[in-house]
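Bear in mind these aren't lab numbers, they're just calculated from the coordinates by the rules spelled out. Just so it is clear, the model here is predicted, and its values are computed rather than measured.
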């Protein structure tokens, strides 16, 4: 057997009894070391490959923990070899875990997604005639135009992220987003960090437990409409969630781009702020187990 690990939290926030089960009905237990605890489930030694029902059960366990207090959620696929490995992880990363829990205490994560019209794709010139394609000059001109359009698209996405950052700054503790080219874009408030890149996701699509990290922007198609999908995550005090929703409603009513709100979620994108060691000892799924790595 091995241990599927859900999240780290303070021993003071240990739930009295969890009413939800883990993937495949696995019982959820709490292991502690000093002032820190981790929620785990014993699973077969070869692990549990991710499926939608398993991931949904996994995120429901984390949501139940978050309803009690501050949590640092792990990605789906973090397996520790035994109870001693779980406790060793808590002991070895105690300082980083404490700091991260202080930052996310009393907070939830909200997500905003915008679908920007892909003006550059719409304005792209038709391909050159076949007889011109063999010309090196024509090819280079075409590539320059292609990359110039990508640069303009990326700039529009970064401008949209900046608009979100400024628009919600008064009701969030921290913000994270990423432009299409992979450039991080973030803001920390109240001394909570600067550029942030999260380790894990919102459930359902918004950021699933085995997705790749911080919010971002990418080219997507909604129905027959191509567009640039810009995603951003906000760390919000729980008491500020109604104000955040109200502000989003006003933003949505004036936004030229379709906007979607998600959350509140556990703080998946903010578990490892300010360059602290990752609060999620994450593995690519397929590694059967990990030790308590430094």
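Round to a whole angstrom and tell me the spacing of the C-alpha centers of the range 142-165 and the range 68-101.
38
For residue 19 and residue 51, calculate 0.36 nm times their separation in residues minus their Cα-Cα distance, and state this gained length in nm to one decimal.
Additional length available on full extension: 9.4 nm.
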